[in-house]
Each structure stands twice: as C-alpha cells, then as structure tokens.
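The values are calculated or read from the model by the stated rules, or taken from the named source; none is laboratory data. Every value quoted in this text rests on a predicted model; they were computed, and no experiment measured them. Note that we place each Cβ from the backbone using ideal geometry, even for glycine, and neighbour counts take in every protein chain shown.
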Amino acid sequence: MKPTTRGTLAAVVTGVAATVGAAGPAAAAGTVPVPVPLGGVSKALHMEVPRLGAELPLLTPGAPDGPRYVTGRLLPDRTLPQVPLSSGLPGLDARAPLPHVLGDGFDHLDVVAPTSDVRALAPGLSVDAPLTAPRGDNLGLPDAKLPQAGVLAPVLRTVAGANVDTGSGL
C-alpha cells in the first residue's frame, strides 16, 4: 500500500472516529448545536455581521401502548396503537448589529428562542369485526352486527417561548 493511500485511509478513519465520538454527547443531550460561522465574512467586509446559532432536537420514539382486549369483541380495542414521540422545537440564538442613526457605534437586536419540549402521539386505529363473540345460547355461533371503526386522534403538547431584546453595544 502506498504512503499516500495509507495517509488518506488514516484521515478517513480519523474523520469517522471524530464524527462518531461527537454524536454520543449530542444524543445524550437531546439536541445538536448548529453554529453558523460568520467570522470570515466579518473580517472580509470589515464590518459587524450577525451572530447566529441554533439547536436542533433529536426525535425519540417511545413504546406504543399495546392493544387492549375487551370482552364481547373479536378484535382488540386499539388495533393500531398510538406511538408516543418526544422531541423539541428548534432553538435559535441570533444577535444582529443595528447601526446608530446619529453616530458610529452599533446597537444590537437579540433574539433568543430556547428549545422547548414537544410531546406527541401518532394517530391510531380501533376497529371491530362485524361479528360478535361466540355465544353459548346460539350453539357457539357468533351473531352479526354492524362493523365499527374509529380513528384515535393525534395529540400534540408543547409550550414555546422566545425573548426579543435590543440594547447598546454589540
């Protein structure tokens, strides 16, 4: 194997190891920070530019609540159970310079929207067959009845918040 091939392979393995190593703490925290590097633009244009950063939440599915058996029905109550999901709304941290109308300094506009928890339940389905359970007084045969179908509505719960601020200095 050539030295350049070994060097390329070593660089790829190092990059993969760094990526896998960085994914563990982000998964434990539940959010992935996303900085937006604008320092080069600030130096190239010789002016203040906005500072941006975000946090993206990771989606974590929960264990579904299984079917419930009810006496008198052939099929369970929740044929297609609802799946709980927990995540968060993305967070934002932005700070933008605002030029003074009468002067050389900068004021700033600051927007902070922290991540907030989101709890959701996926829609589910509950159906029943057009037959009753076998009855002893009817020689063990089921009776006919109207079929039943119901959709379990999805649920979404969250509390979002943000803070917008202006002030002097950058």
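A search for C-beta distances below 9 Å between a residue of region 139-163 that is at positive phi and any residue that is modelled with pLDDT of 85 or more and among the β-branched types (Val, Ile, Thr), counting only pairs 6+ apart in sequence or on different chains, returns nothing. Annotation note: of Arg73, Arg78, the sole residue that is crowded, with 16+ Cβ neighbours inside 10 Å, at pLDDT 80 or above and either within 24 Å of Gly124 (Cβ to Cβ) or within 32 Å of the chain's Cα centre (by Cα) (or both) is Arg78.
Evaluating Gly124 against the criteria (1) under 16 Å from the mean Cα position of the chain (by Cα); (2) over 30 Å from Pro33 (Cβ atoms) leaves one unmet condition, (1). Of all the criteria given as (1) under 35 Å from the mean Cα position of the chain (by Cα); (2) modelled with pLDDT of 85 or more, the one not satisfied by Pro130 is (1). For region 37-59, the candidate set comprises residues that are in contact with a Leu (Cβ under 9 Å, 6 or more places away or on another chain) and assigned to a strand (DSSP E or B); within that set, the residue that is nearest to Pro97 (Cα to Cα) is Arg51.
Return a yes/no flag: does region 135-146 have any residue that is among the hydrophobic types (A, V, I, L, M, F, W, C), loosely packed, with under 14 Cβ neighbours inside 10 Å and within 30 Å of Leu38 (Cβ to Cβ). Checked region 135-146: no residue is among the hydrophobic types (A, V, I, L, M, F, W, C), loosely packed, with under 14 Cβ neighbours inside 10 Å and within 30 Å of Leu38 (Cβ to Cβ). Out of Gly7, Gly30, one residue alone is more than 22 Å from Gly161 (Cα to Cα) and at pLDDT below 80. It is Gly7.
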